[in-house]
Amino acid sequence: MSLQIFYICTGAWKENAYIIIKNKESILIDPGDNFSELDTYFKTFNTNYKAIINTHGHFDHVGAVEEFRRKYSIPFYIHSKDKRLVHQANLFRKLTGVSGTNPTPTIDFFLDNLISIELSDTNIKIHHVPGHSEGSVVFEVENNLIIGDLFFNDSIGRNDLPGGNLKKLMESISYVLDNFKNFMIYPGHGTPFLLNEAKIDRLKNICNEYNN
Ligand SMILES: [Zn+2]
Ligand SMILES: [Zn+2]
């Protein structure tokens, strides 16, 4: 069966969690901040969950990680440079004024030690794209790219959050725009879109405004 990608937007920050399914095996990406809402949806899929992998460690992307990790007994993968963000997620969450805390995720494996992750008979390739956070990555699978908060449909990621760096963000965006033309893009917030020529031009113009 062909690869399927589903997304659901949850939580105060309207974060997109993704599930990638191939031959009844699945991987969860960026499970967001609302475990019960997401799990109600995800348990309707009759698949074998293999792992949770994250594009980065901001609180709106990692809040539900530990509850999924425990419930499905699956490992959590993230880049080592976002370790501190993961461990301090509740602190950053509190600074936004939202009440409550989430269990702090246990990191099982670092993505920087890997080139790809297997999902059934396909590979999810990992590319390090620092700038939005130090340990930000994008995941490439077939003609799809899950990019976290690197850029969105009509804007680019912030560089003023913990771990942000404008110069690195610009380099990382250029790398993706130059290498993934006509890929389907799945961002951390907002709707997925095709990275066609018009979209590449538009995003390059936005970057130029930042550089000037
Ligand atoms: Zn973020
Ligand atoms: Zn985000």
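Bear in mind these aren't lab numbers, they're just calculated from the coordinates by the rules spelled out. What you see is a predicted model; the values in this text were computed from it and never measured. Every residue, glycine among them, receives a Cβ derived from its backbone with ideal geometry; neighbour counts consider all protein chains shown.
Could you sort the peptides 56-63, 18-25 by per-residue average Cβ neighbour count (10 Å cutoff), highest mean leading?
On the way: 56-63: 28.4, 18-25: 19.1.
Per-residue Cβ counts within 10 Å, averaged per peptide and sorted highest first, yield 56-63, 18-25.
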Q | In order through the range 5-16: 3J(HN,Hα) via Karplus (6.51 cos²θ - 1.76 cosθ + 1.60), integer Hz, x for Gly, Pro | A | 10, 10, 9, 9, 9, 9, x, 5, 9, 6, 8, 8
Q | Leading residue at positive end of dipole, the chain (Cβ point charges), from Leu169, Ala198, Leu38 | A | Leu38
Q) How much FRET efficiency would the formula 1/(1 + (r/R0)^6) give for Phe110 and Glu171, where r is the Cβ-Cβ distance and R0 is 25 Å, rounded to 0.05? A) 0.70
Q: Would you look at the GNM of the chain, springs on alpha carbons closer than 10 Å, and say which of Lys181, Lys14, Lys71 moves the most?
A: Lys71
Q. How about Lys14: which aspartates and glutamates have a C-alpha closer than 13 Å to its C-alpha, ignoring those fewer than 8 places off in the same chain?
A. Asp30, Asp33, Glu37, Asp60, Asp149
Q. Quick one: if the Förster radius is 25 Å, what FRET efficiency do Val98 and Asn153 give, using the C-beta to C-beta distance and rounding to 0.05?
A. 0.50
